[in-house]
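Worksheet: one structure, shown below.
The values are calculated or read from the model by the stated rules, or taken from the named source; none is laboratory data. Keep in mind the model is a prediction, meaning the values are calculated, not measured. Cβ: placed from backbone, ideal geometry, glycine included. Neighbour counts: every protein chain shown. Each accessible area value is taken on the protein alone, full model and side chains, heavy atoms only, with ligands, DNA and RNA left out. Shrake-Rupley method; radii C 1.70, N 1.55, O 1.52, S 1.80 Å.
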Amino acid sequence: MFSPFPYDKISSGKSFFGREEEMAVLSKSVQYSNNLLIYSKRRMGKSSLIHHFFENQKNSSLCIYVDLFDITSKEDFAKSLLRGVTEATKGDLKSAIKKLTSLFKRVRVEPTIDPNTLEYSIKPIIATLSFEEMMEDFFHTIRELSRESQVIIALDEFQQIATITDVKLDALLRKEIQIREKVSYLFLGSKRHLLTSLFEYQAPLYEMATHFELLPLKFDAIFDYVTQHLKIDEVALRTICEITRYETKMMQNVFHLLYLQKEENVTKERIDTVVNEIINSKDSSYKIIFDTLNNNQKIALKVFAKYKSGFFAQSVLNEFNIKKQTLQSAFDALFKRELIDKDGETYFIPDRTLELWVERL
């Protein structure tokens, strides 16, 4: 069965909506081989945006998508780049392997099969190569590929390179970015403070990309799309947007559950029911996370969920029987655990469902 509201996978095709302006910005940027630094809160649809953009560009550009979410070493970074190249190479399997073999100096490639989809693809063989050798092969191959067509490289969760400390990956990238031709880099991330620090004044990547914030979907675009599939009025839709704080993933989850009974009008009662269903579905996993916190961190999370701001007011400290310094230390620990984040000096819980769950405690 098809649902027009995918919430647990990339939105594509007709289910992708409301990002015409962002698509235009991306198109104009790569047209002139410029770079973009794209950031937003989590679950706002960055990955869906890039995949949809790549789908539109696939006939005119070589589109390389690299997810850096789980890298823990410089070698992981290099391997991810090489996998991105092999997965993006066009043509049938035999011709793609032949082409990559001619481009790579040291990296070997071989066919592999996905055990789940039974689809064939190509993987790089790099077990005996050093980090420097892998990076040299990657950049050499990109330069050669750019002679044939425009190359677009999307580095998702790019801020993860800041966790690699034994080599300056940003400085290494700068050297190549400065001499590129017909190559655009799209740097994506959700940890804004960490991501933008890689591009701030005196950092190696300073002025190497235009900053672009991906904002929440506009209400009118949401209304136009959702009303094609649900019996919902403006008041009910605004209620959903306010409850979810325009978090794309949670909105889509709410819409999907309402769509399962699409013949019925959407009421406040139905909205409350599906929101509770979503929160309850996460109860076990959130309890596991909560149980790993110490008492002060649990208090800090409760303080945040209840007050949103003004955490260090004496009345709040008295209510929760905690000292200001202790509460600040607990906030710092939650920040390191990525359970809370901040934009400037303003803290927020990046997972809206988790925030609603904590409010129940």
*asked:* Under the rule a/c < 1.5 gives rounded, and otherwise a/b versus b/c splits prolate from oblate, where does region 240-341 land using the Cα gyration tensor?
replied: prolate
*Using R₀ = 51 Å, calculate the FRET efficiency as 1/(1 + (r/R₀)^6) where r is the Cβ-Cβ separation of THR292 and ASN59; round to 0.05.*
0.60
_Taking all protein chains in place and a 1.4 Å probe, what share, in percent, of the accessible surface of region 69-123 do carbon and sulfur account for?_
50 percent
*Lysine pairs with alpha-carbon atoms under 29 Å apart, region 111-230, spacing 8 or more or separate chains*: 8
*Among the trypsin sites (Lys or Arg not before Pro) within region 300-342, which fall in a DSSP loop and have no more than 14 other Cβ atoms within 10 Å of their own Cβ?*
LYS308, LYS323, ARG337
*Rounded, prolate or oblate: which fits region 69-156 when a ≥ b ≥ c are the square roots of the eigenvalues of the alpha-carbon gyration tensor, with rounded for a/c under 1.5 and prolate only if a/b beats b/c?*
rounded
*Taking all protein chains as present, what is the carbon and sulfur share of the accessible area of region 172-276, in % to the nearest whole number, probe 1.4 Å?*
50 percent
*asked:* With a cap of 16 neighbouring Cβ atoms within 10 Å, and only residues DSSP puts in a loop, list the GluC sites (Glu not before Pro) found in region 132-208.
replied: GLU148, GLU181, GLU200, GLU207
*Candidates per trypsin sites (Lys or Arg not before Pro) in region 1-100, loop by DSSP, up to 11 other Cβ within 10 Å*: LYS9
*Long-range amide H partners of VAL183 with built H, under 5 Å*: VAL151
_Highest-fluctuation residue, PHE158, PHE187, PHE335 considered, GNM on the chain with Cα pairs under 10 Å_ = PHE335
*asked:* What do you get for the angle between helix 295-307 and the principal long axis of the chain? Use alpha-carbon atoms, 0 to 90 degrees, nearest ten.
replied: 80 degrees
*So what are the ³J(HN,Hα) numbers for region 99-105, from phi and the Karplus equation (6.51, -1.76, 1.60; θ = phi - 60°), rounded to whole Hz, Gly and Pro as x?*
5, 5, 4, 6, 8, 5, 8
_Once you order the gyration tensor axes a ≥ b ≥ c over the Cα atoms, which shape class does region 320-361 get: rounded for a/c under 1.5, otherwise prolate or oblate by comparing a/b with b/c?_
oblate
_Taking the Cα centroid of region 250-290 and of region 29-83, what is the distance between the two, rounded to the nearest whole Å?_
31 Å
*Label-point separation, ALA171 to THR346 (7 Å along Cα→Cβ), nm*: 3.6 nm
*Taking the Cα atoms only, what angle lies between the long axis of helix 268-281 and the longest principal axis of the chain, rounded to 10 degrees?*
60 degrees
*Please calculate how many Å² of accessible area the chain carries per residue, with a 1.4 Å probe and no DNA, RNA or ligand atoms counted.*
52 Å²
_Please list, by residue number, everything in region 223-257 whose backbone N is under 20 Å from a paramagnetic label point 7 Å out along Cα→Cβ of LYS268._
231-246, 254-255
